[in-house]
Each structure stands twice: as structure tokens, then as C-alpha cells.
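Notes follow once the structure below has been shown.
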Amino acid sequence: MKKFGSIEVICGPMFAGKTEELLRRIRRLEYAHKHVVLFKPLIDDRYEKSYIVSHNHNKAMCVAIKTSNEMLKYVKDDVDAVVIDEFQFLDDDAVDIAISFSRRGIRVIASGLDRDFRDEPFNNMPRLLAHADLVTKLTAICVKCGEPATCTQRMIDGKPAPYNNPQILVGASESYEARCATCHEVPGKIYKYE
Ligand SMILES: [Zn+2]
């Protein structure tokens with residue numbers, strides 16, 4: 001019997017509970033004794049290297065990968081589901097690999113930031129979203145006004161980070177907040193219509 005695969009994407013800004021939602025779906029699969037393989041990019045070592053960890057310290061063991069094609073050797077034909085956290089930090093081939101897993105009948109569940117601190121599409125996420133069968137967009141709460149937040153605000157020394165900051169900052173002393181589109185600030189950003 002042919003198995004049907006799918007691509008599910010959990011996206012939204014920081015502090016929206018994306019990893020929590022990912023962990024919830026992992027737990028459901030584990031209760032059903034499904035064979036699940038978990039990955040995350042090595043760049044994200046905020047807490048521990050070989051776990052997917054949410055901000056409130058729930059976690060699941062996973063394989064930390066440097067490039068997306070490392071996933072191929074871990075995903076054999078007996079795998080039911082592949083889970084990938086922080087998808088936006090992987091290369092563009094990660095999308096093609098997710099498609100190939102889905103075509104092999106595997107359920108792919110990916111979580112990532114849909115937009116960067118400039119509020120622009122993040123790296124490989126637009127392509128992943130175009131190929132997704134199911135998209136869950138989560139919102140956080142704006143720290144300024146309390147409305148639903150869809151944007152990730154980068155702060156440097158307590159001030160909004162300028163547009164010309166790099167998309168990915170590793171090891172810098174930056175911090176992040178969730179904000180709504182009205183309260184989101186990117187000094188130097190030119191909006192096409194306003
Ligand atoms: Zn706001």
C-alpha cells in the first residue's frame with residue numbers, strides 16, 4: 001500500500017510557541033509508537049546541542065546538523081515522521097530534501113521564523129511555505145501594546161536594530177521582542193508604500 005507523505009510548517013515570530021507546538025506533535029507521534037527522527041541546525045546552540053528545547057525548557061533529543069544533506073543518511077524507509085526545528089537556519093536544499101521525504105510517504109513537520117528582524121521573508125522559508133500542505137501561523141503578544149504580534153524585533157543595546165544589521169547574528173549581545181506590525185521598528189527600512 002502506498003503511504004502518503006506531507007509537509008507541515010509551524011511558523012510565526014519569536015515567543016509564539018512554535019517549538020512548544022513542535023514538541024506537542026512529537027509527543028503525539030511517540031505515544032503512537034511512530035518512528036520519528038528529529039533535526040535542528042547546529043547554529044542554534046542557545047541551550048543544548050543535541051536537543052530541541054523550547055524557551056520553557058521542554059525538550060526532545062535530536063540530531064544537530066551543519067548542512068541539510070546530512071539528514072539523508074538518518075532517514076531510512078522505516079521512518080514515519082521527520083521533524084526539523086529552526087528550519088530558516090538551514091540551506092535552500094533543505095526544502096528539496098523535505099519534498100523528497102514527503103514523496104517517500106514521510107510526514108515532515110518543520111518549524112521556523114517566517115520573517116527576519118527586518119520583517120522580510122527569512123531565507124528558505126518562503127519556498128518551504130509554498131510547498132507546505134498545512135501551515136500553522138502562530139502569533140505572540142506585542143510587548144508594547146498587547147495586540148497579537150507577528151514580527152520579531154531585534155534590540156541592540158536596548159534600541160531597535162537598524163536595517164543594515166546582518167540577517168543572522170551569532171554570539172552578539174542582541175535581544176529580541178515580539179511586536180505587532182504597528183509597533184515593529186527597523187531604523188533605515190524603506191517601505192514601498194507609506
Ligand atoms: Zn503593538
Query raised in the report: If a residue has to be away from the ligand (no atom under 13 Å from the Cβ), among the polar types (S, T, N, Q) and surrounded by 11 or more Cβ atoms within 10 Å (Cβ to Cβ) to count, how many in segment 153-187 make the cut?
Result: 3
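Could you check segment 106-141 and list, in sequence order, the residues that are within 16 Å of the ligand (Cβ to nearest atom) and farther than 29 Å from Arg27 by Cα?
First pass over segment 106-141, keeping only residues within 16 Å of the ligand (Cβ to nearest atom): 115, 117, 119, 139-141.
Residues satisfying the conditions are Phe117, Asp119.
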**Report entry** Condition check for Gly146: at positive phi and within 16 Å of the ligand (Cβ to nearest atom)
**Finding:** yes
Report summary line: Only one of (1) touching a strand residue (DSSP E or B) at 6+ places or on another chain (Cβ under 8 Å); (2) modelled with pLDDT of 95 or more does not apply to Asp96, and that is (1)
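The values are calculated or read from the model by the stated rules, or taken from the named source; none is laboratory data. Every value quoted in this text rests on a predicted model; they were computed, and no experiment measured them. With ideal geometry, Cβ positions are generated from the backbone for all residues, glycine too; neighbour counts draw on all protein chains shown.
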